[in-house]
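Undergrad: Below: one structure in structure tokens.
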Amino acid sequence: MILALAAADSWFGRFWDAFVEKLIEEIKIGDIGATINEGILQWKKYFHIGSLEVVITDAIIVMWIATILAIILFKVMTGRQTLRPNKKQTVMWMLTDLIVNTSMGFGMNRKEAERVAPMIGTFGIIIAGCNVISVFKISPPAKNIAFPVAMAVFAIIYVIGVSIRFVGFKGFWASLTTPKKYLLPFKILDFVIKPVSLSLRLFGNVFGAFVFMEFLYIIVPVVLPGLFGLWFDLADGILQAIIFSYLTMSYIGEIVEVGHELQEKESGKVEEEKKVIDESAVAA
């Protein structure tokens with residue numbers, strides 16, 4: 001019994017010494033700039049496929065991890081189709097309905113809103129997943145400027161493509177020349193400014209939050225990082241995904257709304273011409 005107590009006391013003594021040493025190492029403030037710089041710099045690995053050099057970064061790896069996890073979560077939430085939706089399916093239905101109603105508020109009709117909802121939801125889920133993954137002390141992809149730029153460019157290409165599909169080239173051209181034709185150069189420039197704005201907003205918020213959290217982990221690693229992380233890692237990451245999706249919907253709505261007005265005017269002219277022809281026929 002005495003030997004067991006002595007062994008336990010010896011083990012606890014070694015454990016306590018190691019714990020105190022590790023705690024002091026965590027709390028000790030070293031070269032803050034070097035530590036933050038190490039956290040900011042991205043990991044790179046180069047591969048050669050024949051004469052082609054391929055680079056893999058931590059942003060690419062984390063993006064695919066977050067995407068796969070988001071797909072799994074989406075699959076779990078939707079489940080199998082049932083006559084009466086369960087709680088998870090009800091949540092997904094409410095989110096989808098929110099996207100559809102918001103899109104309709106920007107000038108799209110129900111059919112158009114339902115068509116863009118899957119892509120808008122995908123933007124939101126992927127960006128939210130990539131941002132929230134920083135909760136697990138994994139660098140978010142958006143701290144690499146290439147990720148926000150790629151997302152923004154893809155989003156603006158989708159905006160142009162789906163808008164032309166909804167209202168045609170004529171409606172899209174009308175959106176560029178409304179309310180005055182001399183605004184055309186500025187409207188074209190707008191399609192350059194919009195992706196820049198989308199990418200810099202996402203990059204700036206995520207990068208700033210990442211640097212701030214790295215600073216907190218260095219200065220006060222015990223309590224404050226967990227509290228602030230609820231906002232900067234979790235809430236702010238989801239908020240940036242919502243803003244990105246919201247602005248994408250609004251960009252589509254700006255074009256589609258003008259296109260619908262043009263279609264209504266042309267439809268009214270056709271009806272008026274048809275009425276005149278009918279009246280002429282009756283008079284004859």
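Undergrad: Say a paramagnetic label sat at a point 7 Å from the Cα of Thr57, along Cα to Cβ; which residues of segment 133-174 have their backbone N under 17 Å from it?
TA: The answer is 134, 138-154.
Undergrad: Okay, next question. Where does each of 71-82, 89-100, 234-245 land if you order them by average Cβ count within 10 Å, highest first? Intermediate results must be reported in sequence, preceding the final value.
TA: Working: 71-82: 10.9, 89-100: 14.4, 234-245: 18.5.
The most tightly packed comes first, giving 234-245, 89-100, 71-82.
Undergrad: Which percent of Cα pairs goes in each bin when the distances of segment 43-259 are cut into 10 angstrom slices starting at zero?
TA: 8, 27, 30, 22, 11, 2, 0
Each reported figure results from applying straightforward, stated rules to the coordinates on display, with no laboratory input. The structure displayed is predicted, hence computed values, not measured ones. In this analysis, Cβ positions are derived from the backbone assuming ideal geometry, glycine residues included, and neighbour counts consider all displayed protein chains.
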